[in-house]
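The values are calculated or read from the model by the stated rules, or taken from the named source; none is laboratory data. As the structure is a prediction and not an experimental result, all values here were calculated from the model. In this analysis, Cβ positions are derived from the backbone assuming ideal geometry, glycine residues included, and neighbour counts consider all displayed protein chains.
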Amino acid sequence: MSKKVKSVRIPIELEAMNLSKLIRECENYLRDLESATLLKSGGNRDAAEALLSTRQLDLGKRIAKMIWEARVEYGKIR
């Protein structure tokens, strides 16, 4: 999987956002989805659901923090 981002249109406030870090977070989330699938297929449905709900909250918080940091950085420059 290529880790290069070639062209993305984003709002000016988010120019300072680290897109590589965002992609890495998404890759980690996909890895956890695969783990949850294995847990579920192994008969451990509760553990799979717990993993997914925890990671969804964690991913949302991490992305929100990255957006907030980019907006703060834009505010400093502006």
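Within segment 30-77, the set of residues being surrounded by 11 or more Cβ atoms within 10 Å (Cβ to Cβ) and not in a helix (DSSP H, G or I) comprises just one member, Asn44.
Listed by first and then second residue, the pairs with beta-carbon distance under 6 Å, at least 6 apart or on different chains, first residue in segment 63-78 and closer than 11 Å to Glu15 by Cβ and among the small types (Gly, Ala, Ser), second modelled with pLDDT under 90 and part of a helix (DSSP H, G or I), are Ala70/Leu14.
Conditions (1) within 29 Å of Ser20 (Cβ to Cβ); (2) among the small types (Gly, Ala, Ser); (3) within 19 Å of the chain's Cα centre (by Cα), marked per residue:
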position	(1), (2), (3)
Ser35	yes, yes, yes
Asn44	no, no, no
Thr54	yes, no, yes
Leu59	yes, no, yes
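Consider segment 1-23 and keep the residues that are among the charged types (D, E, K, R) and at pLDDT 80 or above. The one that is nearest to Tyr74 (Cα to Cα) is Glu13.
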